[in-house]
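Let me begin by presenting the structure, written as structure tokens, before commenting on it.
The values are calculated or read from the model by the stated rules, or taken from the named source; none is laboratory data. The shown structure was predicted, so the numbers you read here are calculated from the model rather than taken from an experiment. Don't worry about glycine lacking a Cβ; one is built from the backbone with ideal geometry, like all the others, and counts go over all protein chains shown. Just the protein is used for accessible areas: all its heavy atoms, side chains included, with ligands, DNA and RNA removed. Shrake-Rupley method; radii C 1.70, N 1.55, O 1.52, S 1.80 Å.
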Amino acid sequence: MRKNAPGMVDYIDRVMYEREVIELGMKIAPTKTDVQMVAYRASKQIEKHQNPEEREIRAKHLADAKHEYEQTDEYKEKPVRIHYKKNPKQYVQTAINAYEQVKPGKRETTIEYEH
């Protein structure tokens with residue numbers, strides 16, 4: 001395939017990388033509601049693709065990844081939502097750190113909050 005259709009290999013690698021990022025996002029989401037938000041945000045990104053075939057392929061990967069994750073014990077054990085009583089900022093930082101781990105050209109990011 002690399003010899004006869006080298007562009008397809010790169011395309012497949014990109015689609016699989018995007019799926020891995022979505023799967024990781026669902027795994028690190030602290031609640032079932034957050035898992036749904038990860039899938040929703042991914043679907044909004046998919047809608048931005050110009051090519052209808054690419055949108056369809058990516059949407060199928062998203063639906064498949066979401067369905068597979070929802071069947072896991074890890075998902076079933078997550079609470080529906082968390083009541084942020086103590087420090088909601090820690091969850092934002094956790095999400096940013098997780099994103100930075102999978103982002104190409106990893107770099108550390110911190111957020112400064114006003115007190």
Pairs returned, first residue in region 90-103 that is open to solvent by less than 70 Å² (accessible area, probe 1.4 Å), second residue that is modelled with pLDDT of 75 or more, beta-carbon separation under 8 angstrom, 6 or more apart or interchain, are Ala95/Ile28; Ala98/Leu24; Ala98/Gly25; Ala98/Ile28; Val102/Glu20; Val102/Val21; Val102/Leu24
In region 67-79, anything open to solvent by 50 Å² or more (accessible area, probe 1.4 Å) and part of a helix (DSSP H, G or I) is listed as His67, Glu68, Asp73, Glu74, Lys76
Among the residues of region 16-66, the number that are over 14 Å from the mean Cα position of the chain (by Cα) and either at pLDDT 95 or above or in a helix (DSSP H, G or I) (or both) is 8
